[in-house]
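To start, the structure itself, in structure tokens.
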2 protein chains.
Amino acid sequence: MSDKRTATGFIGLGLMGEPMSLKLCAAGYPLTVWNRTRKKTATAIEAGAILAESPAEVAKASDIIFLCLTDTEAVEDVLFGRHGITNGGSGKIVVDHSTISPKAAIEFAARLRDHHDIRFIDAPVTGGVPGAIKGNLTVFAGGESSDIEAVRPAISHLAGKLLHIGANGAGQTTKLCNQVMVMTTFVTMAEMLKLAENSGVDSTQIPEILAEGFANSQVLQLFGQRMARRDPELTGRLTIAQKDLDLIRAAGRETGTPLPMCGTATEVVRLAIARGLGDRDVSQFIRLYD
Amino acid sequence: MSDKRTATGFIGLGLMGEPMSLKLCAAGYPLTVWNRTRKKTATAIEAGAILAESPAEVAKASDIIFLCLTDTEAVEDVLFGRHGITNGGSGKIVVDHSTISPKAAIEFAARLRDHHDIRFIDAPVTGGVPGAIKGNLTVFAGGESSDIEAVRPAISHLAGKLLHIGANGAGQTTKLCNQVMVMTTFVTMAEMLKLAENSGVDSTQIPEILAEGFANSQVLQLFGQRMARRDPELTGRLTIAQKDLDLIRAAGRETGTPLPMCGTATEVVRLAIARGLGDRDVSQFIRLYD
């Protein structure tokens with residue numbers, strides 16, 4: 001399955017999935033697509049993809065099926081639902097780019113392997129929409145080495161890096177670790193900038209001032225100015241931050257890991273959403289303190 | 001006061017102050033020193049500094065007096081105590097490199113100006129002991145422009161950057177903003193690494209894996225490996241983190257700024273200290289979760 005004639009499928013053509021699917025088309029892979037909201041498949045179909053009527057149909061047409069879905073429930077439904085991938089034949093590899101619970105990834109992999117002869121790789125990504133458009137995402141992969149090597153040629157068109165972290169679930173765990181740092185830094189940055197403002201210091205100069213010291217971070221440099229300026233541009237909704245923080249805390253519960261900082265971050269993000277900020281950009285979170 | 005014959009004084013020759021004072025000696029400035037524990041002045045005296053019997057004596061001999069002390073109380077005592085700087089004459093500039101309360105810095109500056117004809121610059125630093133040894137610290141300065149320009153030639157031997165942030169207090173506020181990000185990231189990193197471990201992922205590989213994404217930070221790269229390996233090497237005690245977090249929360253209280261993430265970080269650091277980790281390196285904080 002390492003040459004470009006491998007038949008591929010893509011399920012979930014949202015903000016991330018659409019540009020990812022286009023990369024496979026551009027690289028010459030036969031591609032079959034499905035999306036719950038059909039109109040989101042238009043761009044991929046224009047680029048040469050074939051529209052399927054269900055995830056099962058995508059599976060029938062494909063050797064490798066990529067998923068890029070919103071949450072654990074959506075992945076479960078696409079895999080095991082009435083018209084799910086498991087009704088589309090065996091011998092396939094499912095590559096799940098969604099961010100879901102590590103525990104669910106482990107369970108899905110076992111069910112697919114034991115009952116359907118389908119292999120599963122948990123393969124969440126970082127790099128956001130810009131990374132998806134450029135094809136230089138980073139993939140954190142959990143699964144069998146042989147499966148990961150089998151999909152590496154196709155993934156190379158989506159991602160600059162495909163890191164094999166460990167067994168199933170390890171990819172999702174690594175993504176959650178990534179999100180722990182990103183989301184808590186966002187939440188902390190808001191109170192830090194507000195402290196500067198309330199102390200009479202111009203908060204818009206803080207990201208540059210702190211750039212060269214121990215306090216520096218990607219979040220501070222990429223989003224600090226925008227947060228200080230209350231920039232309304234939407235790059236990611238606060239509700240998505242909430243979803244990731246809830247996933248992180250579920251993982252803490254399942255593994256018996258106390259997560260006090262994530263706990264506080266989750267509750268203040270929930271408070272911001274309760275105050276009506278859920279559909280605003282994550283950078284607008286600082287308005288909770290205004 | 002811009003040439004090298006300016007008489008300088010240095011009070012507080014600890015881990016940071018000693019290498020800073022040596023830079024002034026090496027640059028040819030006449031230097032008078034005082035330290036509460038006299039033996040800590042030995043290296044500076046060997047390098048040519050003159051030992052004073054009190055802060056007042058340092059002030060008598062100096063035009064610019066540098067302070068590098070542990071806390072707000074120590075600075076107050078050195079300035080206004082029985083043998084303090086205010087008993088050593090007027091017309092001087094005090095440059096306070098200590099990390100103290102912004103509110104105290106504002107009050108000290110006003111008292112010195114109004115009652116003693118002494119100018120005060122709050123000038124906390126980042127870069128740690130390595131930066132002090134290399135002479136490439138960053139200084140966040142609050143005070144009058146003319147005073148800051150007057151001390152710039154001398155400070156150039158200690159620091160690669162002297163940033164004039166604003167009026168008195170603004171330097172300390174900026175340092176607290178720096179410490180908000182550093183300390184909360186430290187505390188969060190411990191729970192993140194423990195979550196990886198409890199999920200069966202090798203935590204020592206996490207800092208490198210997360211290096212190129214949004215989750216990256218100076219703290220993750222400089223201390224993540226050490227924390228994951230439980231490296232016992234002492235670079236900074238956890239009690240110092242506690243002191244900085246307490247200062248941050250005092251500033252939140254004084255300015256009416258809610259600091260939920262700093263609040264949680266403070267309490268879990270206090271818990272770690274209550275568990276006997278206070279004199280360990282900050283990286284050892286993860287042992288709270290072991």
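The values are calculated or read from the model by the stated rules, or taken from the named source; none is laboratory data. Source: prediction; values computed, not measured. Note that we place each Cβ from the backbone using ideal geometry, even for glycine, and neighbour counts take in every protein chain shown. Side chains are part of the model used for accessible areas, which takes the heavy atoms of the whole protein and leaves out ligands, DNA and RNA. Shrake-Rupley method; radii C 1.70, N 1.55, O 1.52, S 1.80 Å.
Past the 19 Å Cα-Cα mark, which pairs from A:LYS103/A:LYS243; A:LYS161/B:LYS194; A:LYS175/B:LYS194; A:LYS103/B:LYS194; B:LYS40/B:LYS161?
Exceeds cut-off: A:LYS161/B:LYS194; B:LYS40/B:LYS161.
Say each of A:ARG287 and B:ARG287 gets a label point 7 Å from the Cα, pointing the same way as Cα to Cβ; how far apart are those two points in nm?
4.6 nm
Of the beta bridges DSSP finds with both residues in chain A, what % are antiparallel, to the nearest 5?
15 percent
Using 0.36 nm times the number of residues separating B:ARG229 and B:ARG253, minus their current alpha carbon distance, what extension gain do you get?
Extending this stretch completely gives an extra 5.0 nm.
Quick check on the protein assembly as shown: of the DSSP beta bridges with both residues there, what percent are antiparallel, nearest 5%?
Antiparallel bridges: around 15 percent, rounded to the nearest 5.
Please report the carbon-and-sulfur percent of the accessible area for the protein assembly as shown; probe 1.4 Å, protein heavy atoms only, DNA, RNA and ligands left out.
Reported share for carbon and sulfur atoms: 50 percent.
Using the Cα atoms as the points, what is the convex hull volume per residue of the range B:173-289 in Å³?
It comes to 103 Å³ per residue, whole-number rounded.
Would you work out which of B:PRO232, B:MET192, B:PHE214 lies farthest towards the positive end of the dipole of the range B:173-289? Charges go on Cβ: Lys and Arg +1, Asp and Glu -1.
B:PRO232
Can you give the Rg to Rh ratio of the range A:1-56, both from alpha-carbon atoms, with Rh computed by the Kirkwood formula?
0.94
From the label point of A:GLU233, set 7 Å along Cα to the beta carbon, how far off in nm is each other copy's matching point, shortest first?
4.1
For the pair B and A, how large is the buried accessible area, both sides, in square angstrom to the nearest 100, if the probe is 1.4 Å?
4700 Å²
Give me the accessible area of B:SER203, 1.4 Å probe, in Å² rounded to the nearest 10.
Spelled out: B:SER203, probe radius 1.4 Å, area about 10 Å².
Of B:THR70, B:PRO30, A:THR174, which is farthest along the charge dipole of the protein assembly as shown in the positive direction, counting Lys and Arg as +1 and Asp and Glu as -1 at C-beta?
B:PRO30
In 5 Å bins starting at zero, report the fraction of Cα pairs in chain A per bin as a rounded %.
Pair shares across the bins are 1, 6, 12, 15, 17, 15, 12, 9, 7, 4, 2, 1, 0.
How much of the DSSP bridge set in the range B:8-167 is antiparallel, in percent, rounded to the nearest 5?
That works out to approximately 10 percent antiparallel.
Taking Cα atoms, how many degrees apart are the long axis of helix A:102-116 and the longest axis of chain A, rounded to 10 and kept between 0 and 90?
Orientation of helix A:102-116: about 0 degrees from the principal axis.
So which residues of the range A:232-267 lose at least 50 Å² of accessible area, probe 1.4 Å, when you go from the chain by itself to every protein chain present?
Going by heavy-atom accessible area, the residues of the range A:232-267 that drop by at least 50 Å² are A:THR255, A:THR257, A:PRO260, A:MET261, A:THR264.
For the range A:163-233, report the convex hull volume of the alpha-carbon atoms normalised per residue, in Å³, without decimals.
Residue-normalised Cα hull volume stands at 108 Å³.
How crowded by other chains is B:158-169, given as the mean number of beta carbons from other chains within 10 Å of each beta carbon?
Shielding by partners across B:158-169 averages 2.
Excluding same-chain residues fewer than 8 positions from B:LYS92, which lysines have a Cα within less than 18 Å of its Cα?
By straight Cα distance, B:LYS92 reaches B:LYS4, B:LYS60.
Over the protein assembly as shown, consider all pairs of different Cα atoms and compute the Kirkwood hydrodynamic radius from their mean reciprocal separation; express it in Å, one decimal.
25.9 Å
Order these peptides, B:130-143, A:67-80, by their mean beta-carbon neighbour count within 10 angstrom, highest first.
B:130-143, A:67-80
Given the C-alpha atoms of the range A:109-161, compute the convex hull and give its volume per residue in Å³.
79 Å³
Probe radius 1.4 Å, ligands and nucleic acids left out: which of A:ASP147, A:ASP279 has the largest accessible area, and how do the rest follow?
Order by accessible area, largest first: A:ASP279, A:ASP147.
Over the heavy atoms of A:TRP34, what accessible area does a 1.4 Å probe trace out, to the nearest 10 Å²?
50 Å²
For the Cα atoms of chain B, what angle does the longest principal axis make with the long axis of helix B:145-155, in degrees from 0 to 90, nearest 10?
Orientation of helix B:145-155: about 80 degrees from the principal axis.
How compact is the range A:8-167 by the rule of thumb for globular proteins, expressed as Cα Rg over 2.2 N^0.38 Å?
Ratio of Rg to 2.2 N^0.38 Å for the range A:8-167: 0.91.
Provide an ascending nm list, one decimal, of label-point separations from A:ARG111 to the equivalent residue in each further copy; define each label point as 7 Å from Cα along Cα→Cβ.
Taking the point 7 Å beyond Cα along Cα→Cβ, the inter-copy spacings are 6.9 nm.
Using a 1.4 Å probe on the protein heavy atoms only, what accessible surface does B:LYS40 show? Give it in Å² to the nearest 10.
That residue has around 100 Å² of solvent-accessible surface.
Once the label point is placed 7 Å from Cα along Cβ, list for B:GLY200 the distances to the corresponding points in the other copies, in nm, shortest first.
5.7
Could you work out how far apart the two model spin labels at B:VAL129 and B:GLU73 are, taking each label as a point 7 Å from the Cα in the direction of the beta carbon, and quote it in nm?
The modelled label-to-label distance comes out at 2.4 nm.
Please list A:ASP290, B:ASP246, A:ASP96 in order of solvent-accessible area, largest first, computed with a 1.4 Å probe with all protein chains present.
These residues rank, largest area first, as A:ASP290, B:ASP246, A:ASP96.
Output the 0 to 90 degree angle, nearest 10, between the alpha-carbon long axis of helix B:260-272 and the longest principal axis computed from the alpha carbons of chain B.
Orientation of helix B:260-272: about 80 degrees from the principal axis.
How far, in nm, would the chain grow between A:THR37 and A:LEU222 when pulled straight, counting 0.36 nm per residue and subtracting the alpha carbon separation?
Length gained, A:THR37 through A:LEU222: 63.4 nm.
Using a 10 Å cut-off on Cβ to Cβ distances, tally the other chain neighbours for every residue of A:198-209 and report the average as a whole number.
Counting Cβ atoms of other protein chains within 10 Å of each residue's Cβ and averaging gives 6.
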